[in-house]
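Throughout, read-outs are computed from the coordinates displayed, never taken from laboratory work. Keep in mind that this is a model prediction, so the values were computed, not measured. Backbone-built Cβ (ideal geometry, glycine too); neighbour counts: all protein chains shown.
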Amino acid sequence: MKYFVLFIFIIALSSKYLGQLCPIIPHPTTYVTTGGSMVLENLISVNKANLPTFGEDFIKLFFANEIGLNVAFINEGGQVKFKQLSNAYPDSYSIDVKENIVISYSSPASCFYALQSLKQLIQTESNSIEIPFCFISDEPKFVWRGMHLDVSRHFFSVSEVKQYLDWMARYKFNSFHWHLTDDQGWRIEIKAYPKLTEIGSIREKTLVGHASSKPEIYQGPAEKGFYTQEEIKEVVEYANKLFITVVPEIEMPGHARAALAAYPEFSCTGVQMPVAQTWGVFDEIFCSKDETIQFLQSILSEVVPLFPGKYIHIGGDEAPKTNWKKCQNCQAQMKKNGLKSEEELQSYFIQKMDKYLTSKGKTLIGWDEILEGGLSDNAAVMSWRGTEGGIEAAKQHHYVVMSPGSHCYFDHYQSDRKTEPLAIGGYTSLEKVYSFNPIPEGLPSSLDPFILGGQANLWTEYIADWKQVEYMIFPRMIALSEALWTAGERDYTHFLERLEKYELPYLKSKNVNYSKAIYYLKSEVVSESNGIEIDFEAIDSSSIITVDYDKSADVTQRKNGKFRIFKTKRPNMLRFVAKSKTAQGIDTLKLDILQHRTLGQPWIIETPLSSSYPGKGGLTLSDGTLGARPWNGKEWLGFNVKEVKMSIELNEKQKLDGIYLSFLSAESSWIHLPEKVLIEYSNNGESWKTKEFRVTKELNHYVLNKKAKFIRLTVVNKDSIEDGKPGSGHLPWLFMDEIWMD
Ligand code: ACM
Ligand code: ZN
């Protein structure tokens, strides 16, 4: 038996890596092909024994709509047979295609997953429907495989939401996080409080462009829409048939402007303000007084019966305490309950919701801010500000869903091309999503069971229509499905091959507006003695057709198609124009490389790199590429510490006019300019002189006018983000890119 398992394993691996591509995504645990295939006629016979609980009608419709086959149910024999497994791994299934198709399942959900796999297995070529002879055994790695959709910032119809659920089902996601309320729109009917939708679901005007752009221009038409409770039930039932649980989110105490536009009496000031028309974090949050707590509990009393799943999400993120500090009611609430800080008051507020939901048989889940001031007894945590909140919650033995911005925010850019549609910022490439592991580094393995899984979030401030929803989730959601489902080693190149061969053609056939970023030409820079080497890369290397550059520059082209670019004393900008020809057409990459005196010589960074934005370490600051705007993770080095220290040694003592330092300001992503920079320089590495500069803009030239061989930099971060800005009170991120001298 042991040898048989080993044999299967070797074949499974060889089919994975020796060219036999598995058409099922997410990749199953085992996929073995034996060569040849079964050809199916228009009518397929299915044995009636051991049918899953969802029954004959479902199976009939599934084969007809999804595969194009009519089904005849029979009592003896049959091309398709079902078997029930007992004592099997939860939600595991197998498919054995030999003389017939045998589907063995451990639960109704697993039978549904088997049918999804069968659908991807079936190839329809030249009018015949074929299924390869194969054996598959499979089970999910994580129990929470989530996709989130923000319908507050932009409203999406019931049929669009159902489309989202269909896509989720294809890739074996099982948790739909429905972000129903926020500052810019309340989208769920609450019968006891009709103004929530009469007033709260209508945003008269919306900011044009990015939240950071000035001047602010607002335009109609009004963004409106909400789901009646009947519609909510319809969606929940639809999801249930796809084995997807719907997790509703009702935001509190922050992100409450739409609700407070309808019922200002539940704010701290009582002042009536419109539904928010711009994006960000607002001081107007729910007041913590008893009346508000009762108001929110009675809203929850209508929400709970609509959603049969275990979890109710109460938000909890980004709630500035500005108004709570000034509010007599909030201060009285603190005094009455012996609370020492507004953070403890938030914890008190969340505990009230936790107790209420627990009494209704539900479990509260909230963003990681609910840890602040003390995590309430039964709460689960969704970790979005990195993984630290999730790690802390797991240490306290609470369940966790990992959804860190670095890997799981699908509102971020997915390529560094200037042609990308406007997004909030950030860079979450397909490769980064694929590399996601919900089990964070540094978590003691005994706590792994507290990590339920992971989830991607699609915030829709900058996503006004459905075609763009498609663009932002595809193909990233497919990469995520594999990160959450597939156990064992995963290989990105292999994933790309399968994606290109099977899923992208599928999306194309369905007219889905997926991102073509994988076909974009990319460049890779490595450090070389005396400069850098640059390589232009395409998904298919034979597709690169030309690379043009200034032939008089200090560059040599190597036989392998790579380019060597040398250091120069005086800064000099070089432009490369590379072109490739793929099935998508001609792609052009324009790459600007700044030659300078430390090109290719990595800075020695003393401060530990962050796991989210490590760039290429010290080479990020000397690779000749300037940080892109909108920013992406590649050319930037990000730190979330108070001080960053680094140094470099020049070949010899050199006259330096000055030093250029470049920082990023992207405050909606919590990235701020540092406070100041200390530049130390020395001829011998022993006696040092120091100059201090305040940082007031992104690109800075600090005049030295000195000779030096050794340079040390200390970049001093601000203590915390100012009130009224996203992430206020937290240590900001500090992002740096190329450093050069003249
Ligand atoms: C969040 O992105 N504010 C949870
Ligand atoms: Zn108050």
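Going through region 294-317 one residue at a time, which ones are within 16 Å of ligand 2 (Cβ to nearest atom) and either touching a residue at least 40 places away in the same chain (Cβ under 8 Å) or in contact with an Asp or Glu (Cβ under 6 Å, 6 or more places away or on another chain) (or both)?
Of everything in region 294-317, those that are within 16 Å of ligand 2 (Cβ to nearest atom) and either touching a residue at least 40 places away in the same chain (Cβ under 8 Å) or in contact with an Asp or Glu (Cβ under 6 Å, 6 or more places away or on another chain) (or both) turn out to be F295, L296.
Filter region 60-78 for residues that are out of contact with any strand residue (DSSP E or B) (no Cβ under 6 Å at 6 or more places or on another chain), of a type in the set (A, V, I, L, M, F, W, C) and in contact (Cβ under 8 Å) with a residue 40 or more places away in the chain and give the result.
Within region 60-78, F62, I67 qualify.
Would you mind finding the one in E686, E680 that is of a type outside the set (V, I, T), assigned to a strand (DSSP E or B) and more than 28 Å from G405 (Cβ to Cβ)?
It is E680.
Report yes if some residue within region 679-701 is surrounded by fewer than 19 Cβ atoms within 10 Å (Cβ to Cβ), within 24 Å of G615 (Cα to Cα) and touching a Gly at 6+ places or on another chain (Cβ under 6 Å); otherwise report no.
yes
Are any residues in region 537-548 closer than 14 Å to I586 by Cβ and either of a type outside the set (A, V, I, L, M) or in a strand (DSSP E or B) (or both), and if so, which ones? I'd like the intermediate steps shown before the answer.
Taking region 537-548 as the starting set, the residues that turn out to be closer than 14 Å to I586 by Cβ are 538, 540, 543-548.
Listed by number, the residues that qualify are D540, S543, I544, I545, T546, V547, D548.
R498 versus (1) of a type outside the set (G, A, S); (2) touching a His at 6+ places or on another chain (Cβ under 8 Å); (3) more than 22 Å from S580 (Cβ to Cβ): which is the lone unmet condition?
With respect to (1) of a type outside the set (G, A, S); (2) touching a His at 6+ places or on another chain (Cβ under 8 Å); (3) more than 22 Å from S580 (Cβ to Cβ), R498 is out only on (3).
Checking D592 against (1) under 24 Å from L699 (Cα atoms); (2) surrounded by 14 or more Cβ atoms within 10 Å (Cβ to Cβ): exactly one of these is not met. Which one?
(2)
Restricting attention to region 139-159, does a residue exist that is under 30 Å from K224 (Cα atoms) and without any contact (Cβ under 8 Å) to a residue 24 or more places away in the chain?
yes
Filtering region 54-95 down to residues that are of a type in the set (D, E, K, R) and crowded, with 18+ Cβ neighbours inside 10 Å, which residue is nearest to W167 (Cα to Cα)?
Filtering region 54-95 for residues that are of a type in the set (D, E, K, R) and crowded, with 18+ Cβ neighbours inside 10 Å, the one nearest to W167 (Cα to Cα) comes out as D91.
Considering only residues that are in contact (Cβ under 8 Å) with a residue 60 or more places away in the chain and over 30 Å from the mean Cα position of the chain (by Cα), look in region 253-269 and name the one that is nearest to ligand 2 (Cβ to nearest atom). Steps first, please.
The initial filter retains those residues of region 253-269 that are in contact (Cβ under 8 Å) with a residue 60 or more places away in the chain, namely 253-259, 261-263, 268.
After this cut, where a residue has to be over 30 Å from the mean Cα position of the chain (by Cα) as well, the list is 261-263, 268.
On the way: A261: 17, A262: 17, Y263: 14, C268: 3 Å.
The residue in question is C268.
Report yes if some residue within region 628-639 is surrounded by 15 or more Cβ atoms within 10 Å (Cβ to Cβ), in contact with a strand residue (DSSP E or B) (Cβ under 6 Å, 6 or more places away or on another chain), hydrophobic (A, V, I, L, M, F, W, C) and over 17 Å from D737 (Cβ atoms); otherwise report no.
Looking through region 628-639, none of the residues is surrounded by 15 or more Cβ atoms within 10 Å (Cβ to Cβ), in contact with a strand residue (DSSP E or B) (Cβ under 6 Å, 6 or more places away or on another chain), hydrophobic (A, V, I, L, M, F, W, C) and over 17 Å from D737 (Cβ atoms).
Quick grid of which residues meet (1) surrounded by fewer than 18 Cβ atoms within 10 Å (Cβ to Cβ); (2) in contact with a strand residue (DSSP E or B) (Cβ under 6 Å, 6 or more places away or on another chain):
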position	(1), (2)
S128	yes, yes
I131	no, yes
C134	no, yes
S137	no, yes
S152	no, yes
S159	yes, no
F173	no, yes
L196	no, yes
G200	no, yes
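Please enumerate the residues belonging to region 286-305 that are among the hydrophobic types (A, V, I, L, M, F, W, C) and either in a helix (DSSP H, G or I) or over 19 Å from M334 (Cα atoms) (or both).
Hits for region 286-305 are I293, F295, L296, I299, L300, V303, V304.
Looking only at region 292-317, which residues are farther than 14 Å from V236 by Cα and within 16 Å of ligand 1 (Cβ to nearest atom)?
Within region 292-317, H313, I314, G315, G316, D317 meet the criteria.
Residues of region 232-283 being within 22 Å of M382 (Cα to Cα), within 16 Å of ligand 1 (Cβ to nearest atom), outside any loop (DSSP other than H, G, I, E, B) and not aliphatic (A, V, I, L, M), which ones?
P248, E249, E251
Hey, among the residues in region 530-543 that are of a type outside the set (A, V, I, L, M, F, W, C) and touching a residue at least 12 places away in the same chain (Cβ under 8 Å), which one's surrounded by the most Cβ atoms within 10 Å (Cβ to Cβ)?
Restricting to residues being of a type outside the set (A, V, I, L, M, F, W, C) and touching a residue at least 12 places away in the same chain (Cβ under 8 Å), the top hit is G531.
Would you say S213 is more than 16 Å from ligand 1 (Cβ to nearest atom), polar (S, T, N, Q) and under 25 Å from the mean Cα position of the chain (by Cα)?
Yes; evaluated as a whole, the condition is true for this residue.
Go through region 406-426 and report how many residues are under 14 Å from L480 (Cβ atoms) and in contact with a Lys or Arg (Cβ under 8 Å, 6 or more places away or on another chain).
Count: 4.
Of the residues that sit in region 694-742 and are β-branched (V, I, T) and in contact with a helix residue (DSSP H, G or I) (Cβ under 9 Å, 6 or more places away or on another chain), which one is farthest from E675 (Cα to Cα)?
I739
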